[in-house]
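> One structure follows; several queries about it will come next.
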Amino acid sequence: MEEDSAPRTYRFALSLCLRHPSARVGDISAALGREPMSAWTVGDKMTHSEHLHWSTYWCERIPHDDSAELSDALWKGVTALQPHRKILRDFASTGGKIYFSVGWFTTTKSGGDTLTAELLGRLADLRIGLEFDVYGNE
């Protein structure tokens, strides 16, 4: 990563999210040794509706330093999840979806970060996708 004295042109929020047609929230938490910030199990009643959730959802915020680059935060996340490789791959092979959700907040200047082939390969090996929600500065 190149050192640059210019202010960064974005900030971001990062979360690890898992969805599955039949897994239970408690089983996901136990397998990963983590607790979600938001979660529900398939068949649970929706909070503001009589409808039921059609899939299980589990999501935890990934903390990072405000000066961190997105790529660095993703590397830390991948490294922390590497011991759970078999669990994640099994989860995906049974219909689950795993992804890092990135909230990308721009400034008035253009800029960004580079996700290397090595990082993308490690994400793919763990069956982790990327979701970007981009918020403009308007």
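The values are calculated or read from the model by the stated rules, or taken from the named source; none is laboratory data. None of the values given here were measured: they were computed from a predicted structure. Please note: Cβ atoms are built from the backbone with ideal geometry, for glycine as well, and neighbour counts cover all protein chains shown.
> Would you say Ala124 is farther than 13 Å from Ala13 by Cα, loosely packed, with under 15 Cβ neighbours inside 10 Å and either small (Gly, Ala, Ser) or touching an Asp or Glu at 6+ places or on another chain (Cβ under 6 Å) (or both)?
Yes, satisfied.
> Would you check which residues across region 45-102 are aromatic (Phe, Trp, Tyr) and either within 29 Å of Thr114 (Cα to Cα) or in contact with a Lys or Arg (Cβ under 9 Å, 6 or more places away or on another chain) (or both) and list them?
Tyr57, Trp58, Trp75, Phe91, Tyr99, Phe100
> Okay, moving on. Go through region 37-80 and report how many residues are under 15 Å from Gly26 (Cβ atoms), among the aromatic types (Phe, Trp, Tyr) and under 13 Å from the mean Cα position of the chain (by Cα).
Qualifying residue count, region 37-80: 2.
> Within region 28-43, is even one residue in a strand (DSSP E or B), of a type in the set (A, V, I, L, M) and crowded, with 16+ Cβ neighbours inside 10 Å?
yes
> Being under 17 Å from Leu123 (Cβ atoms) and without any contact (Cβ under 8 Å) to a residue 60 or more places away in the chain: is that true of Leu88 here?
Here the answer is yes, as Leu88 does meet what is asked.
> Are any of the residues in region 5-19 of a type outside the set (Phe, Trp, Tyr), assigned to a loop (DSSP other than H, G, I, E, B) and in contact with a Leu (Cβ under 6 Å, 6 or more places away or on another chain)?
Scanning region 5-19 turns up no residue that is of a type outside the set (Phe, Trp, Tyr), assigned to a loop (DSSP other than H, G, I, E, B) and in contact with a Leu (Cβ under 6 Å, 6 or more places away or on another chain).
> Are any of the residues in region 55-68 at pLDDT 95 or above, among the hydrophobic types (A, V, I, L, M, F, W, C) and in contact with a Ser or Thr (Cβ under 6 Å, 6 or more places away or on another chain)?
Scanning region 55-68, I find at least one residue that is at pLDDT 95 or above, among the hydrophobic types (A, V, I, L, M, F, W, C) and in contact with a Ser or Thr (Cβ under 6 Å, 6 or more places away or on another chain), so the answer is yes.
> A further question follows. When the residues of region 69-79 are filtered to those that are in contact with a helix residue (DSSP H, G or I) (Cβ under 8 Å, 6 or more places away or on another chain) and surrounded by fewer than 20 Cβ atoms within 10 Å (Cβ to Cβ), which remaining residue is nearest to Pro21 (Cα to Cα)?
So the residue we want is Val78.
> Sticking with this structure for a sec: Name the residue that is nearest to Lys97 (Cα to Cα), counting only residues in region 44-62 that are buried (at least 16 other Cβ atoms within 10 Å of the Cβ) and among the β-branched types (Val, Ile, Thr).
Restricting to residues being buried (at least 16 other Cβ atoms within 10 Å of the Cβ) and among the β-branched types (Val, Ile, Thr), the top hit is Thr56.
> Would you pick out the residues in region 100-138 that are among the charged types (D, E, K, R) and at pLDDT 85 or above?
The answer is Glu118, Arg122, Asp125, Arg127, Glu131, Asp133.
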